[in-house]
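*Asks:* I'd like to ask you about the structure that follows.
The values are calculated or read from the model by the stated rules, or taken from the named source; none is laboratory data. The model shown is predicted, which means the values in this text are computed figures rather than measured ones. Because the Cβ atoms are built from the backbone with ideal geometry, glycine has one as well, and the counts that use them run over all protein chains shown. Heads up: the accessible areas ignore ligands, DNA and RNA and are worked out on the full protein's heavy atoms, side chains in. Shrake-Rupley method; radii C 1.70, N 1.55, O 1.52, S 1.80 Å.
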Amino acid sequence: MVTLRQAHALLADRGFRSGGASTATFADGAPYRVEIPSCEGPRVMAAVLEEAATRGVRIDRVSQGSGVMMLTDAEIEEMLSLGASAGVEVCLFLGPRGAWDIGGQAKVSAAVGGVARGNEMVAASPCDAFRAVELGVRSLLVGDIGVLELLGQLKVDGSLPADLVLKTSVLMPLPNAPTARLYERLGATSLNVSTDLPVPVLAEIRSVTSVPIDMYIEVPDDQGGHVRFYDVPEIVKVAAPVYLKMGLRNSPNIYPVGAHLTATAEALGRERVRRAELILRLLAEQDEDL
């Protein structure tokens, strides 16, 4: 029988050990960047960028959750134009997903909300990816592990650009270091970790991965509802390079967005920027080096 102590030793032999402080950074030397999620289309993105300029908050990435298929070509091109003008990465979600499909499991378990059910839904994801890439998108959000591997292979064989960011969704649970290493091996270039991980587990994940981590600092209710403002300095110290992502507690799930929800989506986007301002103030107050 293998004891728990022996099992820990087995993990350590394979590189899975306790982590410590991270000395890694983004290419520009920054240990963290700011991401505003649920940026659903050009009107919401324009509102987010306007709010960021007013508050003096630097936004590095916006991500969208309704999906490529819910945007027109003109809307995607407008988002890319806004991103290019502001120096902001635009990340779009891929394709249909289990939560929107005719199946019943996703109606009772959010754990399968992002999956692609069957080859038809799998095929829809690279279909979205190729369309987005042709329009100029270089950052995609992936919610299914099989789709992640397929897109990673398409990058390797040159069918998709080598510099295409493949960002895992929070709908793909990432609770530990072995899973993080697996996602990176399959092609992930930005890892959205599970929302409820303590700082030591983030350090473990960072110790086996080289790509940026992105993490909700305030978490939507359907993903746990945590508010972790005061944890940010320690998160940055162990998880860098890390995207600090601003969800909102006590807010509606608005996917998929359309004109009927634009005002709500804009208000939520502006409030996420205000949350970012609060977090950055605390970060500067608690650790001047950061």
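*Asks:* What about GLU204, is it farther than 21 Å from VAL90 by Cβ and in contact with a Ser or Thr (Cβ under 9 Å, 6 or more places away or on another chain)?
*Replies:* yes
*Asks:* Moving on. Which members of the stretch 262-282 meet the condition of being in contact (Cβ under 8 Å) with a residue 60 or more places away in the chain and over 16 Å from ALA53 (Cα atoms)?
*Replies:* Correct list: THR262, ALA265, LEU268, ILE279.
*Asks:* On to the next question. Within 21 Å of MET215 (Cβ to Cβ), at pLDDT 90 or above and part of a helix (DSSP H, G or I): which single residue out of ALA12, ALA27, ALA52, ALA47 fits that description?
*Replies:* On inspection, the qualifying residue turns out to be ALA52.
*Asks:* Shifting gears a bit: Sort through SER159, SER81, SER85 and tell me the only one that's part of a loop (DSSP other than H, G, I, E, B), at pLDDT 95 or above, polar (S, T, N, Q) and surrounded by fewer than 24 Cβ atoms within 10 Å (Cβ to Cβ).
*Replies:* SER159
*Asks:* If I ask for residues that are in a strand (DSSP E or B) and among the hydrophobic types (A, V, I, L, M, F, W, C), which ones from the stretch 30-44 would you list?
*Replies:* VAL34, ILE36
*Asks:* Okay, next question. Return the residue satisfying two criteria in turn: it lies in the stretch 118-152 and is of a type in the set (Val, Ile, Thr) and in a helix (DSSP H, G or I), and of such residues it is farthest from THR179 (Cα to Cα).
*Replies:* Applying the filter and picking the extreme gives VAL133.
*Asks:* I would also like to ask the following. Right, SER38: of a type in the set (S, T, N, Q) and surrounded by fewer than 19 Cβ atoms within 10 Å (Cβ to Cβ) or not?
*Replies:* Spelling it out, it is not the case that SER38 is of a type in the set (S, T, N, Q) and surrounded by fewer than 19 Cβ atoms within 10 Å (Cβ to Cβ).
*Asks:* In the stretch 232-264, what residues are open to solvent by 10 Å² or more (accessible area, probe 1.4 Å), under 29 Å from SER22 (Cα atoms) and β-branched (Val, Ile, Thr)?
*Replies:* Selection gives VAL238 alone.
*Asks:* Take the conditions at pLDDT 95 or above, more than 30 Å from ARG58 (Cβ to Cβ) and open to solvent by less than 20 Å² (accessible area, probe 1.4 Å) and apply them to VAL147. Does it pass?
*Replies:* Against the criterion (at pLDDT 95 or above, more than 30 Å from ARG58 (Cβ to Cβ) and open to solvent by less than 20 Å² (accessible area, probe 1.4 Å)), VAL147 qualifies.
*Asks:* What is the residue count in the stretch 202-211 for residues that are under 18 Å from the mean Cα position of the chain (by Cα) and open to solvent by 30 Å² or more (accessible area, probe 1.4 Å)?
*Replies:* Result for the stretch 202-211: 1.
*Asks:* Now for a separate question. Can you tell me how many residues within the stretch 164-178 are over 24 Å from GLY67 (Cα atoms) and open to solvent by 30 Å² or more (accessible area, probe 1.4 Å)?
*Replies:* 3
*Asks:* Scanning the stretch 200-217 for residues that are in contact (Cβ under 8 Å) with a residue 60 or more places away in the chain and in contact with a Leu (Cβ under 8 Å, 6 or more places away or on another chain), which turns out nearest to GLN286 (Cα to Cα)?
*Replies:* Per the stated criteria, the residue is ILE217.
*Asks:* Return the residues of the stretch 179-198 that are in contact with a helix residue (DSSP H, G or I) (Cβ under 8 Å, 6 or more places away or on another chain) and closer than 19 Å to ALA12 by Cα; say none if nothing qualifies.
*Replies:* Selection gives ALA180, ARG181.
*Asks:* Taking only pairs six or more apart or across chains, which ones have beta-carbon atoms under 9 Å, a first residue in the stretch 228-253 that is among the polar types (S, T, N, Q), and a second residue that is at pLDDT 90 or above?
*Replies:* Hits for this filter: SER251/SER38; SER251/THR264; SER251/LEU268; SER251/GLU271.
*Asks:* Right, here's the next one. In the stretch 101-117, how many are free of Cβ contacts under 8 Å to residues at least 60 places away in the same chain and part of a helix (DSSP H, G or I)?
*Replies:* Selection size over the stretch 101-117: 5.
*Asks:* If ASP222 satisfies all but one of (1) within 17 Å of the chain's Cα centre (by Cα); (2) open to solvent by less than 40 Å² (accessible area, probe 1.4 Å), what's the number of the condition it fails?
*Replies:* So ASP222 meets the others, but not (2).
*Asks:* Additional query: Give all pairs with beta carbons closer than 6 Å in which a residue from the stretch 1-29 that is within 19 Å of ARG181 (Cβ to Cβ) meets a residue that is open to solvent by less than 100 Å² (accessible area, probe 1.4 Å) and among the polar types (S, T, N, Q); count only pairs at least 6 apart in sequence or on separate chains.
*Replies:* Qualifying pairs under 6 Å: GLY19/SER207.
*Asks:* Moving on to the next point. Just to be sure I understand the filter: pairs with C-beta atoms under 8 Å, separated by 6 or more residues or on different chains, first member in the stretch 56-72 and at positive phi, second member in a strand (DSSP E or B) and of a type outside the set (Phe, Trp, Tyr). Which pairs pass?
*Replies:* Partner pairs satisfying both residue conditions: GLY67/LEU92.
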